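Undergrad: Sharing a structure, written as structure tokens. Questions coming.
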Amino acid sequence: MPSDPRKDALRRGVLERRAALDAVIRAREDAARSQVLLRESAGIEAIAAYASRTTEPSTEAVLDAWWMRGAKVLLPLLRREPDWARYDGPGSLEPGWAGIPEPQGQSLGADALLDVELVVVPCLLVDRRGVRLGTGGGWYDRALVGRRPGTQVWALARESEVVDELPREPHDVHVDAVVTEAGFLRFT
């Protein structure tokens, strides 16, 4: 499927801004965002999330906090078809496809998403309607159709990455909320 040139231009801009972000500001925003995410996800016992790369909103602290409180945490195994594996705590991830950290445990398949209450997804931008702009591979759009009805999907973003409107294509899966360093915004 050909990529929308508007989306490609938006992706390039976000990636450039993220690469230029000061490490101290990034760390401060990550800490604030993690506090919001942990507060909002309190009591949720089964979560699918992602292991962040350096310039993405960090998930490292929340993955460890969820794991330490005994939550079941699933992370993607980035293959052509969606797949998940269980997070086994600090130090258990190894570089996978494109250097993205992933678990080394048993593949659980796409159906593992049926057992979670919340899916936390990365994004480059998200709009106030819940349209999420990812990196362009469509992995999460394919994976999210396999979730149980009613399972919440939350995006992690910098506050400046929440915009009024994004281009939307029929295959785009909406998110229910966005977590930023400034707080939690649920979409209607």
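Undergrad: Roughly how many debye, to the nearest 20, is the charge dipole of the chain about its Cα centre, given +1 on each Lys and Arg Cβ, -1 on each Asp and Glu Cβ, and no other charges?
TA: 180
Undergrad: Then there is this: Could you work out how far apart the two model spin labels at Ile25 and Gln104 are, taking each label as a point 7 Å from the Cα in the direction of the beta carbon, and quote it in nm?
TA: 3.7
Undergrad: Sticking with this structure for a sec: Using a Gaussian network model on the chain with a 10 Å cutoff between Cα atoms, which of Ala27, Ala61, Ala98 fluctuates the most?
TA: Comparing Ala27, Ala61, Ala98 in the GNM, the peak value goes to Ala98.
Undergrad: Now for a separate question. Residues of the chain: accessible area per residue at 1.4 Å, in Å²?
TA: Result: 49 Å² per residue.
Undergrad: Can you list residues from other chains, or at least 5 along the same chain, whose modelled amide H is less than 5 Å from the amide H of Glu102?
TA: Glu94, Gly96
Undergrad: Here's something else I'd like to know. With only alpha-carbon atoms counted, please give the Rg and Dmax of the chain, in Å.
TA: Rg and Dmax of the chain, Cα atoms, are 15.4, 43 Å.
Undergrad: Then there's this: Counting only DSSP beta bridges with both residues in the chain, what percent are antiparallel, rounded to the nearest 5?
TA: Roughly 45 percent of the DSSP beta bridges within the chain come out antiparallel.
Undergrad: Also, I was wondering about something else. Which cross-chain or sequence-distant (5 or more) residues have an amide H under 5 Å from the amide H of Gly109, H modelled 1.01 Å from N in plane?
TA: Under 5 Å from the amide H of Gly109: Trp84.
Undergrad: Under 5 Å between amide H atoms, partner at least 5 residues away or on a different chain: which partners does Val153 have, H built in plane at 1.01 Å?
TA: Amide H neighbours of Val153, under 5 Å, 5+ apart: Val119, Asp176, Ala177.
Undergrad: Express in whole angstrom the spacing between the alpha-carbon centres of the range 23-52 and the range 85-127.
TA: With the range 23-52 and the range 85-127 each reduced to a Cα centre, they are spaced 15 Å.
Undergrad: Continuing with the same structure: Could I have the simple spin-label model distance between Arg17 and Gln35, label points 7 Å from Cα toward Cβ, reported in nm to one decimal?
TA: Rounded to a tenth, the inter-label distance reads 2.3 nm.
Undergrad: So what are the ³J(HN,Hα) numbers for the range 55-67, from phi and the Karplus equation (6.51, -1.76, 1.60; θ = phi - 60°), rounded to whole Hz, Gly and Pro as x?
TA: Residue by residue, the range 55-67 yields 8, 7, x, 6, 10, 4, 5, 6, 4, 5, 5, 4, 4 Hz.
Undergrad: Something else about it: Kirkwood Rh over alpha-carbon pairs of the range 40-146, then Stokes-Einstein at 4 °C and 1.567 mPa s: what D in µm² s⁻¹, rounded to an integer?
TA: So the translational diffusion coefficient is about 92 µm²/s.
Undergrad: Another question about this same structure. Counting only protein heavy atoms and a 1.4 Å probe, tell me what percentage of the range 39-188's accessible area is made up of carbon and sulfur.
TA: The C+S portion of the solvent-accessible surface of the range 39-188 is 50 percent.
Undergrad: So what is the relative contact order for the range 1-137, in percent, with contacts set as C-alpha pairs under 8 Å and at least six apart?
TA: Over the range 1-137, the number comes to 24 percent.
Undergrad: Mind listing the phi-derived Karplus ³J(HN,Hα) values for the range 127-142, rounded to whole Hz, using 6.51, -1.76 and 1.60 with θ = phi - 60°, and x for any glycine or proline?
TA: 9, 6, 9, x, 7, 10, 9, x, 7, x, x, x, 4, 5, 4, 6
Undergrad: How far, in nm, would the chain grow between Val163 and Phe184 when pulled straight, counting 0.36 nm per residue and subtracting the alpha carbon separation?
TA: Gain on stretching Val163 to Phe184: 6.1 nm.
Undergrad: Quick one: grab the alpha carbon gyration tensor of the range 95-145, order the square roots of its eigenvalues as a ≥ b ≥ c, and give me rounded if a/c is under 1.5, else prolate or oblate depending on whether a/b is larger than b/c.
TA: Judged from the Cα gyration tensor, the range 95-145 comes out oblate (a/c at least 1.5, b/c at or above a/b).
The values are calculated or read from the model by the stated rules, or taken from the named source; none is laboratory data. Because the structure is a prediction, the values reported are computed rather than measured. Note: ideal-geometry Cβ built from the backbone for every residue, glycine included; neighbour counts use all protein chains shown. Please note that ligands, DNA and RNA were not included when accessible areas were found on the heavy atoms of the full protein model with its side chains. Shrake-Rupley method; radii C 1.70, N 1.55, O 1.52, S 1.80 Å.
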